[in-house]
Amino acid sequence: MPHDFMPGLAGVPAAKSAVSDVDGGRGVLEYRGIGIEELCAKSSFLETAWLLLFGGLPTRSDFDRFARDVTRHRRIKYRIVELIKCLPDQGHPMDALQAAVAALGMFYPGRNVADADNNYWSAVRLIAKLPTIVAAYARLRRGDDCLPPRDDLGFADNFLYMLTGQAPDDVLSRTLDACLILHAEHTMNASTFAGIVTASTLADPYTVVASSIGALKGPLHGGANEEVVQMLRDIGEPGNARPYVAGLLAEKRKLMGFGHRVYKVKDPRATVLQGLCEQVFRKCGASPLYEVAVEVERISTELLAGKPIYPNVDFYSGILYDKMGIEADCFTPVFAMARVAGWLAHWFEQLRENKLYRPDQIYEGEHNRPYVPLSQR
Ligand code: SDX
């Protein structure tokens, strides 16, 4: 029975899921029924990853085993390091991440997705190795050696260590861990959808995650965080915000970090990120970008009055990552390091009741056209 065509499948359920839920009108995001604000305050990224993957909070022994498994699988094969070394220095880190993840699966057995044990270890490897790949490319492209993971450091601490070479400040690593929780999952977003479409063909999980990384890269999706910081730098100081935003809107251009397909109020993650900014600034000093961002939000809310367009998760995240010493083009790879937990949770769900995604189309072309020989065209 034909259905109405909805551009971008806006509002069209593409799957049934219990992983997370968004109330776009009230600005509520829950992972397996638990609010993100509570998870940021009381959980950790790894515990949240378990919650997303397996549906409930882990027991102490479950969590200790999972954390140990992830820690033990952070290292990447030397051939993956060699592959990354062959990539152009001026390339985009999301391309490097997608290339390395697609290649990663070639090194591991157990890609038959019918085996739950295989799938557990694939999930562990992907969660464990994405940070190592992101840090490796960031260092190798600037001529530095990549640093092996340190098993004595936690998930976020270890990433910042592999990236910067220094054991991170406790406030910064706890803040990064909270940022990873905030970016871990978000119902049927474009990159999750790309992943489950690939998963529905029974492709292996490394290929599924490589599909999702490709979708996340786009500036309308995960790539917005990098664009926001570039915009804030272009604006320079709060006094320039009004003419900049007014000009952008007059040209019918999109304000990066604003708007959302589902939220019709401010993204609750943006609010939590602002709170994290204030914590970090108290310890590590303020960021000039933040004052500009607050003024952009004030001006935009005024100029967009009446339109449900408010800051989303990408508007404040880059300011924090910049403070942690993460380069702007690595912001989306950090988003991917977190969202891989959500992608894998939906992959598990898809496999439980799989049906190949193969939607229909409304054909607008012609029929019965004759072939015209080249000599007559
Ligand atoms: C993420 O889906 C998810 O859950 C994604 C995400 C996740 O966690 O996975 O939340 C992460 O991707 C957040 C979004 C990051 N992207 C950006 O910040 C890019 C800027 N935002 C826009 O491109 C836009 O808001 C989208 C793409 C996010 C959503 O847009 P929709 O739902 O496709 O709606 P639309 O583009 O058709 O816009 C509807 C109207 C238009 O105006 P009219 O033509 O009707 O007059 O709202 C306007 C748009 O011009 N509008 C904006 C705007 N976003 C929408 N106008 C100015 N600036 C914006 N940012």
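The values are calculated or read from the model by the stated rules, or taken from the named source; none is laboratory data. Note that the coordinates shown come from a computational prediction; the quantities given were computed from them, not determined experimentally. Methodologically, a virtual Cβ is constructed for each residue, glycine included, from the backbone with ideal geometry; neighbour enumeration extends over all protein chains shown. Surface areas here come from the heavy atoms of the whole protein model, side chains and all, with no ligands, DNA or RNA. Shrake-Rupley method; radii C 1.70, N 1.55, O 1.52, S 1.80 Å.
A few remarks follow.
- Qualifying residue in the stretch 275-294 (condition: touching a strand residue (DSSP E or B) at 6+ places or on another chain (Cβ under 8 Å), within 14 Å of the ligand (Cβ to nearest atom) and part of a helix (DSSP H, G or I)): no
- Within the stretch 213-238, the only residue that satisfies the criterion of being more than 8 Å from the ligand (Cβ to nearest atom), surrounded by 15 or more Cβ atoms within 10 Å (Cβ to Cβ), closer than 16 Å to I326 by Cβ and of a type in the set (D, E, K, R) is E226.
- Scanning the stretch 71-95 for residues that are in a helix (DSSP H, G or I) and either among the acidic types (D, E) or open to solvent by 90 Å² or more (accessible area, probe 1.4 Å) (or both) yields R72, Y78, R79, E82, K85, D95.
- For the stretch 305-360, filtering for residues that are touching a residue at least 24 places away in the same chain (Cβ under 8 Å), over 19 Å from N225 (Cα atoms), within 14 Å of the ligand (Cβ to nearest atom) and open to solvent by 20 Å² or more (accessible area, probe 1.4 Å) leaves 1.
- Output for the stretch 105-148, where each listed residue is over 23 Å from E226 (Cα atoms), open to solvent by less than 10 Å² (accessible area, probe 1.4 Å) and either at pLDDT 95 or above or outside the structural domain of H346 (by TED's automatic domain parsing) (or both): S122, A123, V124, L126, A128
Yes or no, residue by residue, for (1) more than 11 Å from the ligand (Cβ to nearest atom); (2) touching a residue at least 24 places away in the same chain (Cβ under 8 Å); (3) in the same structural domain as G318 (by TED's automatic domain parsing):
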position	(1), (2), (3)
D177	yes, yes, no
T192	no, yes, no
S200	yes, yes, no
K252	no, no, yes
R261	no, yes, yes
K264	no, yes, yes
